[in-house]
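Rule-based calculations on the coordinates, nothing more; no lab input. Being a predicted model, the structure only gives us computed values, none of them experimental.
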Amino acid sequence: MSETVLNPASEPVVIPISELLPWIAFAVVLLVAIYFVGVEEGATSIFPGMYVHEFVHDGRHLLGFPCH
């Protein structure tokens, strides 16, 4: 029988950080938006009062987050 040697067909692709930065920025903005729409209220509130809650109130209901 012949012996088969497996060689990788190609090298792994190196993605430069400059191509990743827009995706990282998008993920951060998305997570911050989800936080403010879904969690910014009560004990986890960053800003005092109900200003943020009232500002995103309809968006909460649209996305299915309970708030009252």
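Per-structure values
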{"item": "Derived scalar couplings ³J(HN,Hα) [the range 44-57; Karplus, 6.51 cos²θ - 1.76 cosθ + 1.60; whole Hz; x for Gly, Pro]", "result": "9, 6, 7, 9, x, x, 10, 5, 5, 4, 5, 5, 9, 4"}
{"item": "Phi-based couplings in Hz for the range 17-23 (Karplus 6.51, -1.76, 1.60; Gly and Pro marked x)", "result": "4, 5, 7, 8, 4, x, 6"}
